[in-house]
Ligand code: CA
């Protein structure tokens, strides 16, 4: 339903086939293009979650595609290159690709890179304030949360809890830390730490199939499972 979508722009048919087969086997939804111009158009239209981009392409080369896309989008880009000497440019500010793999590559290595890049990009960052974790989508700017594409209506505090847990990036937060961050710790307000447990329970109820990501850490507090 909410599969991660990968766009591959690669003119070598064998490599394209190999990538498509393996990515689909891993559960990704794959779209592809075999030249730079149609690849760029596909990237703009399809808005993939990740782009695998070959450097040497007919019509428009990978460098140009990357440069153009970077001006309008933050889509993670994994470059494929046969030329090791191009790596500095690829990853540099000029092009701003996220990572690269040199040809010939091992498919396992490539899949591992794909996972790492996606994990990094799906993490909510202060910059984007958005993230995707399994079927859960979080967008801090729009104040929206959805599970399996269906909007989840969270109260202000529940939303704040989720945001703070996400920002901790997998680390456990104590109940005191949560109190401090959500209410702006003030003992005079005399908020019981059990209040936190009640909010967490409600949050879990609303997250449905993704509730398991809000993990209780015994004698400590809570953490959010990002994996
Ligand atoms: Ca090529």
Filter result (out of contact with any helix residue (DSSP H, G or I) (no Cβ under 7 Å at 6 or more places or on another chain), without any contact (Cβ under 8 Å) to a residue 24 or more places away in the chain and more than 16 Å from the ligand (Cβ to nearest atom)) within region 88-119 | 88, 91, 92, 93, 106, 108, 109, 112, 115, 116
Assigned by TED's automatic domain parsing to the domain that holds residue 106, surrounded by fewer than 18 Cβ atoms within 10 Å (Cβ to Cβ), within 16 Å of residue 101 (Cα to Cα) and within 16 Å of the ligand (Cβ to nearest atom) - does that describe any residue in region 62-77?
-> no
In region 18-36, which residue that is within 14 Å of the ligand (Cβ to nearest atom) and not in a loop (DSSP other than H, G, I, E, B) is surrounded by the fewest Cβ atoms within 10 Å (Cβ to Cβ)?
-> 18
With the checklist (1) in contact with a strand residue (DSSP E or B) (Cβ under 8 Å, 6 or more places away or on another chain); (2) in contact (Cβ under 8 Å) with a residue 24 or more places away in the chain in hand, flag the one item residue 84 doesn't pass.
-> (2)
With the checklist (1) within 16 Å of the ligand (Cβ to nearest atom); (2) surrounded by 17 or more Cβ atoms within 10 Å (Cβ to Cβ) in hand, flag the one item residue 43 doesn't pass.
-> (1)
Would a scan of region 129-146 turn up a residue that is surrounded by fewer than 14 Cβ atoms within 10 Å (Cβ to Cβ), at pLDDT 85 or above and not assigned by TED's automatic domain parsing to the domain that holds residue 50?
-> no
Just one of the numbered conditions (1) buried (at least 18 other Cβ atoms within 10 Å of the Cβ); (2) in a strand (DSSP E or B) is not true of residue 216; which one?
-> (1)
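The values are calculated or read from the model by the stated rules, or taken from the named source; none is laboratory data. Keep in mind that this is a model prediction, so the values were computed, not measured. Ideal geometry is used to build each Cβ from the backbone, glycine not excepted, and the neighbour counts take in all protein chains shown.
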